[in-house]
1. Evaluate the range 58-71: report whether one residue or more is among the β-branched types (Val, Ile, Thr), over 13 Å from the mean Cα position of the chain (by Cα) and assigned to a helix (DSSP H, G or I).
2. Please tell me if residue 121 is in contact with a Leu (Cβ under 8 Å, 6 or more places away or on another chain), surrounded by 15 or more Cβ atoms within 10 Å (Cβ to Cβ) and of a type in the set (Lys, Arg).
3. Name the pairs whose Cβ atoms lie under 6 Å apart, with the first residue in the range 57-79 and farther than 9 Å from residue 14 by Cα, the second of a type in the set (A, V, I, L, M), and 6 or more positions between them or separate chains?
4. Looking for whichever is at pLDDT 95 or above and over 19 Å from residue 49 (Cα atoms) here; the options are 135, 160, 116, 155. Which one fits?
5. So which residues in the range 22-52 are in a helix (DSSP H, G or I) and either polar (S, T, N, Q) or in contact (Cβ under 8 Å) with a residue 40 or more places away in the chain (or both)?
6. Could you go through the range 8-21 and let me know if any residue there is buried (at least 16 other Cβ atoms within 10 Å of the Cβ) and either in contact with a strand residue (DSSP E or B) (Cβ under 6 Å, 6 or more places away or on another chain) or farther than 21 Å from residue 77 by Cα (or both).
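The values are calculated or read from the model by the stated rules, or taken from the named source; none is laboratory data. Predicted model only: the values in this text are computed from it and were never measured. FYI the Cβ positions are ideal-geometry reconstructions off the backbone, even for glycines, and counts take in every protein chain you see.
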Amino acid sequence: MDVDWLMVVFRWMHILAAITAVGATIFMRQALGPAVATLSADQQAALHDAVRKRWALYVHLSIGFLLLSGFYNFIATLRGSEFPDGSKYHMLFGIKFLLALAIFFIASMLVGRSEASSRFRQRREFWLTLNVVLAVVLVCISGIMRFLPRTPKAAAEPPAATAWLETNSLR
């Protein structure tokens, strides 16, 4: 059994970054948010600020890993597979990518330091809820894409010049 370890590493990178980003978003919306609501306004602000500062690094690393591994996985899939109805795969990838950009934007605004980010966070519960919904839709689309019919591409023929040299070389 031949294993493409680079492909495995990039797939792991993608899945682990997605688990980190989506899991934390669900945790913040469903557990942290309601718990923080029981605190005084000053305590809420201090806790949200502390969480935001620590979480920003993970948001940015997750975005970077997801973009890097996502493009690698997409290119590797296109190079190694043919899709009987390739337009469905490409359409779903396009939707998935646009959803990811929206999720990345919302996550970046929720951890950002700018005045615009601060105003954005005033509706934190709404944006976290929207990000959870978008992330669930994105994961469902990924599941569909994984099981679309595909066939491995045939091994590429060597270029004509290489084939000629191999058969006509001076020995």
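1. no
2. Spelling it out, residue 121 is indeed in contact with a Leu (Cβ under 8 Å, 6 or more places away or on another chain), surrounded by 15 or more Cβ atoms within 10 Å (Cβ to Cβ) and of a type in the set (Lys, Arg).
3. 59/107; 59/111; 76/7
4. Residue meeting the stated conditions: 135.
5. 22, 25, 26, 28, 29, 30, 33, 43, 44, 48, 52
6. Taking every residue of the range 8-21 in turn, at least one turns out to be buried (at least 16 other Cβ atoms within 10 Å of the Cβ) and either in contact with a strand residue (DSSP E or B) (Cβ under 6 Å, 6 or more places away or on another chain) or farther than 21 Å from residue 77 by Cα (or both).
Yes/no per residue for (1) modelled with pLDDT under 95; (2) more than 26 Å from residue 101 (Cβ to Cβ); (3) out of contact with any Asp or Glu (no Cβ under 8 Å at 6 or more places or on another chain):
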residue: 13; (1), (2), (3): no, no, yes
residue: 17; (1), (2), (3): no, no, yes
residue: 33; (1), (2), (3): yes, no, no
residue: 42; (1), (2), (3): no, yes, yes
residue: 53; (1), (2), (3): yes, no, yes
